[in-house]
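Structure first, commentary second.
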Amino acid sequence: MHEDRWTDPATVFTVLVNEEEQYSLWMADMDVPAGWRPAGMTGSRADCLAFVESVWRDMRPLSLRREMAGAD
């Protein structure tokens, strides 16, 4: 078994998203932490990172984007 599951190519990940629309990778066999929910992608680390890159276009938290939109 690989020493570090986070870098083990055999580890299956899921992409999580929080209320601020920030994304994170999480091991698929672990409980989803409070404040996060599945974003609809499970697979290899590389596939999950590619998914995050394709959907997370604006890295500012949602609350900041809303605040800045209201400041116009």
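Quick look at the values:
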| quantity | calculated |
| --- | --- |
| Segments classed as strands (runs of 3 or more DSSP E), wholly inside the chain, with at least 2 members that are among the aromatic types (Phe, Trp, Tyr) | 23-27 |
| Subset of segment 44-72 (residues that are loosely packed, with under 11 Cβ neighbours inside 10 Å, small (Gly, Ala, Ser) and farther than 30 Å from residue 5 by Cβ) | 69, 70, 71 |
| Cβ-Cβ under 6 Å pairs, at least 6 apart or on other chains, segment 2-29 side under 17 Å from residue 50 (Cβ atoms) and without any contact (Cβ under 8 Å) to a residue 60 or more places away in the chain, far side of a type in the set (D, E, K, R) and in a loop (DSSP other than H, G, I, E, B) | 11/5 |
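None of the figures in this text is laboratory data; all of them are computed from the coordinates on show. Everything numeric in this text was worked out from a predicted model, so none of it was measured. Using ideal geometry, Cβ is built from the backbone for each residue, glycine included, and neighbour counts are taken over all protein chains shown.
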